[in-house]
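The values are calculated or read from the model by the stated rules, or taken from the named source; none is laboratory data. All of these numbers come straight from a predicted model, not from anything done at the bench. Neighbour counts run over all protein chains shown; Cβ positions are idealised from the backbone, glycine included.
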Amino acid sequence: MTATTAKSARARIQIFEVSTLYGAATLAAAIDAGRFGAPGHARRILLVSNNAAIPETSLRLETMTGYDRIASRFDEVIDWNEAIHPHHPATWAPRPEESPLWQRVFRTAWELGTAPVELIVESIQVNPAKALAAVFAESTVDVYADGLMSYGPTREELPQSIACRIGRLLHLDLVPGLRPLLLSEYGVEPELVPDEAFRRVLSEIAEAAEGDRQVTAAVEAGPTALLLGQYLASLGILTADEEEDLHIRMLRGAAAAGHTSVIFKPHPTAPARYGTALNEAADAAGVRLTVLDGPLLAETFYERCRPTLVVGCFSTAMVTASVYYGVPVARVGTDTVLARLTPYENSNRVPLTVVDHIVPDLETGAGPAVPGAGPETLTPLVRAVGFCMQSRLHPLLRDETAAFLERHRGNADMARYFDAERLTKLGLPGGDPAGPAGGSRLRRTLTRSGRG
């Protein structure tokens, strides 16, 4: 039997689409925990996609420390960018009439034969996941979420041809007790990736950094605090100068809390723009600053150097630090981002809301904490924000959202999570009752009661 024949003869094929190492680690943990069958159950393909605006100039997943350990769980790795070149993964999708042709192309190029295909994808509402689901139109689909966005609503309505094929939402238990809203409108059940399996994968990735000169230098600096950068300027949420100022505020907050040696960890996909301002702020505060800008997950540092504080804005890596390593965390700048985030349905809103609500603000003097499950207000708050973001997809959440807003009317701490114009449009407490939604809501009420 030839190699090609042997590949296509396997009972089924699982294609795992991934764009980040954190996501790949989530998949590895799910595989290790038996969520995708026993070893040898299927031919497993890791389909790597670089979704950066300019993929050629961004950090490639396969250059990340620990990637090889993750990739070893798969039978082979395929580069999605190369498969659809010269198109961009974020924008390319086949025309409906071309989908069968593209499936034949990929089946031939990837030696899939006629075996049934299972898709395991991230962010099903956008490409490349949506494109893959269209190409392999008869395939079952599992969705995995590698961060706090799983707790927010689906970004937009899915075609029924895709929605009806989604079996599971695999996610990490980043906020114990909080149930994901993602895909819930389609009856998709969330399934936890076991904590112990994910923790073992993170340890495996950290082991791959053994002997890394940058990591060794960082550990020798004896840092007690880690500052997490994001890529808010790249997303247009903040300007580059404002984001740099946010990092300076993190450093000053850590210094005020008594930390004299800190690590700054830029986001892996953030552009390389770090001027002298952060170094000057560190000198002024009497703090030793080390920049850990190599191809590393922040979790590698947690494993190797157990900090006593992690500071960020609303990064998932903050929550990972507290949940999987028991490291106290604190936030900086969430008020600013809440005021800037547009449109209201921006998918960063729920992660931002969760962190703002359960993580202490370092600049108010509140001590860092390990949040755990969060306060009893968290679940109703997230569901109310989710309804306001995607009211059309979650009509059954309307009454509980109205009740929640009514209970917290006049509470400024709660009001800042909601946009008054959006509340007016939806005819909810906190909006203008004389606004445009008021009349339409009254008409709907009268129609339902038979008096309209």
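For the range 424-452: of the residues being part of a helix (DSSP H, G or I) and in contact with a helix residue (DSSP H, G or I) (Cβ under 7 Å, 6 or more places away or on another chain), which is modelled with the lowest pLDDT?
ALA437
Tell me which helices (runs of 4 or more DSSP H) are completely within the range 56-131 and hold 3 or more residues being within 20 Å of PHE36 (Cβ to Cβ), or say none if there are none.
67-71
Report yes if ARG179 is modelled with pLDDT of 95 or more, under 18 Å from the mean Cα position of the chain (by Cα) and surrounded by fewer than 20 Cβ atoms within 10 Å (Cβ to Cβ), otherwise no.
Taking the combined requirement at face value, the residue satisfies it.
Confirm whether ASP146 is of a type outside the set (Val, Ile, Thr), modelled with pLDDT of 95 or more and closer than 24 Å to LEU181 by Cα.
For ASP146, the condition - of a type outside the set (Val, Ile, Thr), modelled with pLDDT of 95 or more and closer than 24 Å to LEU181 by Cα - is not met.
For the condition in contact with a Lys or Arg (Cβ under 7 Å, 6 or more places away or on another chain), surrounded by fewer than 23 Cβ atoms within 10 Å (Cβ to Cβ) and outside the structural domain of GLU406 (by TED's automatic domain parsing), what is the one hit in TYR344, TYR302?
After applying the criteria, what remains is TYR344.
What pairs can you find where one residue is in the range 32-48 and assigned by TED's automatic domain parsing to the domain that holds ILE120, the other is of a type in the set (Asp, Glu), and their Cβ atoms are less than 6 Å apart, with a gap of 6+ or different chains?
Pairs found: ARG43/ASP75; ARG44/ASP75; ILE45/GLU76; LEU47/GLU17; VAL48/ASP79.
If you take the residues in the range 215-273 that are of a type in the set (Lys, Arg) and either within 18 Å of VAL310 (Cα to Cα) or touching a Phe, Trp or Tyr at 6+ places or on another chain (Cβ under 9 Å) (or both), which one is modelled with the lowest pLDDT?
Among residues in the range 215-273 that are of a type in the set (Lys, Arg) and either within 18 Å of VAL310 (Cα to Cα) or touching a Phe, Trp or Tyr at 6+ places or on another chain (Cβ under 9 Å) (or both), the one modelled with the lowest pLDDT is LYS265.
With the requirement that a residue be farther than 29 Å from VAL385 by Cα and free of Cβ contacts under 8 Å to residues at least 60 places away in the same chain, what does the range 295-324 give you?
The answer is ARG306, and nothing else.
Inspect all residues belonging to the range 51-71 and state whether any of them is at pLDDT 95 or above and over 17 Å from ILE205 (Cα atoms).
No.
Right, GLU157: surrounded by fewer than 21 Cβ atoms within 10 Å (Cβ to Cβ) and not in a loop (DSSP other than H, G, I, E, B) or not?
Here the answer is no, as GLU157 does not meet what is asked.
Within the range 126-167, track down each residue that is polar (S, T, N, Q) and either within 19 Å of SER347 (Cα to Cα) or in contact (Cβ under 8 Å) with a residue 24 or more places away in the chain (or both).
Result: ASN127, SER139, THR140, SER150, THR154, SER161.
From (1) farther than 21 Å from GLY326 by Cα; (2) not in a loop (DSSP other than H, G, I, E, B); (3) not polar (S, T, N, Q), pick out the condition that doesn't hold for LEU182.
Checking LEU182 against (1) farther than 21 Å from GLY326 by Cα; (2) not in a loop (DSSP other than H, G, I, E, B); (3) not polar (S, T, N, Q), the one that fails is (2).
Under 8 Å by Cβ, and 6 or more places apart or on different chains, what pairs join a residue from the range 241-269 that is without any contact (Cβ under 8 Å) to a residue 60 or more places away in the chain with one that is of a type in the set (Asp, Glu)?
Close Cβ pairs satisfying both conditions: LYS265/ASP293; PRO266/ASP293.
Going by the structure shown, is ARG349 out of contact with any Pro (no Cβ under 7 Å at 6 or more places or on another chain) and under 30 Å from ALA163 (Cα atoms)?
Criteria met by ARG349.
Just need a number here: residues in the range 8-46 that are more than 18 Å from SER139 (Cα to Cα) and either modelled with pLDDT under 90 or not β-branched (Val, Ile, Thr) (or both).
Final tally of qualifying residues: 16.
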